[in-house]
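Asker: Let me give you the structure first, and then I'll get to my questions.
Taken together, the values in this text are just the output of simple stated rules run on the coordinates, not laboratory data. Just so you know, these numbers come straight off a predicted model, no measurement behind them. All Cβ positions, glycine included, derive from the backbone under ideal geometry; neighbour counts span all protein chains shown.
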Amino acid sequence: MNRPASDHLTGAIDCDIHPALPATRVLLPHFDPYWREHVLRRGLERENFEPSSYPANAPINGRPDWHLPSGPPGSSLPALQAHLLDRLRPAHAICNVVHGAQVMLSEDLSAAFCRAINNWIKAEWLDRDPRLRASIVVPPHSAELAVEEIERLAPDPRFVQVLLLAMTEVPLGRRQNWPIYKAASQHGLPIGIHAGSSFRHPPSALGWPSYYLEDYVSQAQGFQAALNSLVSEGVFVKFPDLKVVLIESGVTWLPASLWRLDKTWRGVRAEVPWLEEQPTETVRRHVRLTLQPFDAPPTEQQLHTLLEQLGSDRMLLFSSDYPHWHFDGDEALPSGLSAELIRKICVENPLETYPRLKETS
């Protein structure tokens, strides 16, 4: 008899949950005095700074049974505890706050909001539940200010990752971003690259889409471009200890993308002499992907073929993507996975990816 899926999740590490701000005004106590006055003078506490172009009430944004009486899904710690932590009983869950702070054109204002968000998640979530960990939200358009925020929070072992969006002002592999990767690598922090955009460029190479369907599916192109940039620019050669986690990227696009990358590298490798091995080998060593939303094929046999094409059982990390709606009930894992692979996805791979989890467990 097969065990319920939820049994496999006891002691798992959930690598992607999304606490949401109930409202911008909750950040006011967490700003420096100057920026608190600045925000109040401009009335910014009345804005929500939603970074998504998706409709706020789209069903995918929150499971029906995870909705709240008031406030956006994910904005209540007691609800998170009841819905996820006490129900599925993970050992840890990593909070990824996706917020418009990373999209703001003003680098100084972006940095101020990022600091306030990190202070808020620390005081209102990490300090109140020992199972929670968090990513450091940084201003991506200023490597200097991003490094300052990494250095400020790195001494707190509950911060286990640095969070960026997939589609930013310039491709993520460009050298102007390298100080961020250097600081993260020095502190044993993976770079989490989450689905999202700074809206400087369309998600599709053909321009801005008309419909939610087009935009959502095109996010995979953004991840593919980000990964191509990181590999081709030599980020993993320069920082050989760096891990990158693609969060909410899907999975099925990756094998074909890597095949094409390998094939082209063989023909033009003279222009990237620092890449001394096939890109696929580099990606398998340095890159991880969260499981939800899992664009699984329709049959278990096809799923096994996909996992074989990945060529590594170390690349997938368990995630619930709470409170977003990608599965019903407790079935956060696709059917057809062996107990050994489930153990790797839920525990062993996250512990290998996030060394700070071992230090604080």
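Asker: Report, in debye and to the nearest 20, how large the dipole of the stretch 247-361 comes out about its Cα centre when Lys and Arg carry +1 and Asp and Glu carry -1 on their Cβ.
Answerer: Here the stretch 247-361 has a charge dipole of around 440 debye.
Asker: Right, next: Quote to one decimal, in nm, the extra length available between Ala82 and Val272 on full extension: 0.36 nm per residue of separation minus the C-alpha distance between them.
Answerer: Length gained, Ala82 through Val272: 63.3 nm.
Asker: Would you please state which residues of the stretch 103-140 a label at Arg174 would reach in this model, taking the label point 7 Å out along Cα→Cβ and a backbone N cut-off of under 17 Å?
Answerer: 103-107, 139-140
Asker: Another question about this same structure. Specify which residue in the list Pro279, Ala256, Leu291 is farthest towards the positive end of the charge dipole of the stretch 200-302, using unit charges on the beta carbon of Lys, Arg (+1) and Asp, Glu (-1), about the Cα centre.
Answerer: Pro279
Asker: Also: Which percentage, to the nearest 5, of the DSSP beta bridges contained in the chain is antiparallel?
Answerer: Beta bridges within the chain, antiparallel portion: roughly 5 percent.
Asker: Then there is this: Distance in nm between label sites at Tyr34 and Thr264, each 7 Å beyond Cα in the beta-carbon direction?
Answerer: A separation of 4.4 nm, rounded to one decimal place.
Asker: Calculated from DSSP H runs of 4 or more alone, at -39500 (n - 2.57) each and per residue, what is the 222 nm mean residue ellipticity of the chain, nearest 500?
Answerer: Per the formula, -10500 deg cm²/dmol.
Asker: State the extension gain, in nm to one decimal, for the chain segment bounded by Leu105 and Asp295, taking 0.36 nm per residue of separation less the distance between their alpha-carbons.
Answerer: Result for the pair: 65.1 nm of gain on full extension.
Asker: Say the dipole of the chain comes from +1 at the beta carbon of Lys and Arg and -1 at that of Asp and Glu; which of Met315, Ser142, His326 then lies farthest toward its positive end?
Answerer: Toward the positive end, the furthest listed residue is Ser142.
Asker: For a 24 Å ceiling on Cα separation, which of these pairs sit above it: Lys122/Lys358; Lys122/Lys238; Lys238/Lys344?
Answerer: Lys122/Lys238; Lys238/Lys344
Asker: Which one of Ala123, Leu163, Asn177 is farthest out on the positive end of the charge dipole of the chain, using unit charges on Cβ (Lys, Arg +1; Asp, Glu -1) and the Cα centre as origin?
Answerer: Of the options given, the answer is Asn177.
Asker: Further question on the same structure: Just to be sure I understand, if you calculate mean projected area of the Cα convex hull in nm² for this structure, which of (1) 20.5; (2) 25.8; (3) 17.9 do you get?
Answerer: (3)
Asker: For Ala58 and Ala23, what is the calculated FRET efficiency with R₀ set at 22 Å and r taken between the beta-carbons, to the nearest 0.05?
Answerer: 0.65
Asker: Right, next: What dipole magnitude, in Debye to the nearest 20, does the chain give about its Cα centre under +1 on Lys/Arg Cβ and -1 on Asp/Glu Cβ?
Answerer: Computed about the Cα centre, the dipole is about 440 debye.
Asker: So which DSSP H runs in the chain come out at 20 Å plus along the axis (Cα) with average Kyte-Doolittle of at least -0.5?
Answerer: Qualifying helices, which must be both long enough and hydrophobic enough, are 107-124, 212-232, 254-268.
Asker: By how many nm would the segment from Glu45 to Trp253 grow when fully extended, if each residue of separation counts as 0.36 nm and the alpha-carbon distance is taken off?
Answerer: The span from Glu45 to Trp253 would gain 70.9 nm if fully extended.
Asker: Sorted by packing (mean other beta-carbon atoms within 10 Å per residue), highest first, where do 78-84, 204-210 land?
Answerer: 78-84, 204-210
Asker: Give the long-range amide H neighbours of Val245: residues separated by 5 or more places, or on another chain, with amide H under 5 Å away, using H modelled in the peptide plane at 1.01 Å from N.
Answerer: Ile191, Gly192, Ile193, Arg288
Asker: How far is it, in nm, from the label point at Gln302 to the one at Lys182 when both lie 7 Å from their Cα along the line to the Cβ?
Answerer: 4.7
Asker: Which ³J(HN,Hα) values in Hz, rounded to whole numbers, follow from the phi angles of the stretch 323-331 under the Karplus curve 6.51 cos²θ - 1.76 cosθ + 1.60, where θ = phi - 60° and Gly and Pro get x?
Answerer: Going residue by residue, I get x, 5, 9, 10, 7, 10, x, 9, 7 Hz, with x marking Gly and Pro.
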